[in-house]
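The next block holds one structure in the form of structure tokens; read it before the comments.
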Amino acid sequence: MAGPNWFIALPVFREDADAWVASLPAAPAGLRIMPAADLHVTVAFLGPVGEQRARAAWEALRLPLAPLVATVGPLVALGNPHRYSAIGARLGEGREAVEAAIGAARDAALLAAGAELEARPPLAHVTIARPPRSARPRERSAGLDWAAKVPLGGALHLESVALYTLRGEPPPAPRFRAVTSRPLGG
């Protein structure tokens, strides 16, 4: 049996995350809002590679990005448009710098972990909600209607990069645990 997934990401500064999650409109039944502590921008999804290989990816990561303040851009359905797996907020201001940095650093981390390279271009976004896997079309439509009501704008401070894995506690506890982190630009 495979172990937990690992990934490298830019955590959203906690005060920003708390304020933003608190400002979200009430979600429709079944749509799970991510806890503020879990808000992040994924740099490299490693998968179930094991801790040793995840740490090798972490050591190989050279992310050319200084701390920055990004804004919340448009919300998008992620995955198959007819059966999306998540709703994420694309970054507005700051998006190009974050996507360029991810594009420059992601492959080295994935190779060091022995993970599959990502064919898609970087998409700087923060996942904010997930429908249940069993959601029917009406529930998914309600999720998209909800997303259209989420206010855009707002500052998201991206100040560090972290190596994450699953926490292993049931919702509403944060799902992810930062194993190690370092400041951006350092």
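All of the numbers you see were taken from the coordinates with simple rules; none came from a lab. Because the structure is predicted, anything quoted here is derived from the model rather than measured. Here the Cβ is made from the backbone with ideal geometry for all residues, glycine too, and neighbour counts use every protein chain on show.
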* Which residues' amide hydrogens lie under 5 Å from the amide hydrogen of W6, considering only partners 5 or more residues apart or on another chain, with H built in the peptide plane? -> L46, G47, V49
* Where N is the number of residues in the stretch 56-177, Cα Rg divided by 2.2 N^0.38 Å -> 1.17
* **Expected 222 nm ellipticity per residue - DSSP helices of 4 or more, -39500 (n - 2.57), all of the chain, to 500** => -9000 deg cm²/dmol
* To do: Would you mind ranking D16, D107, D38 by Cβ crowding within 10 Å, fewest neighbours first?
  => D107, D16, D38
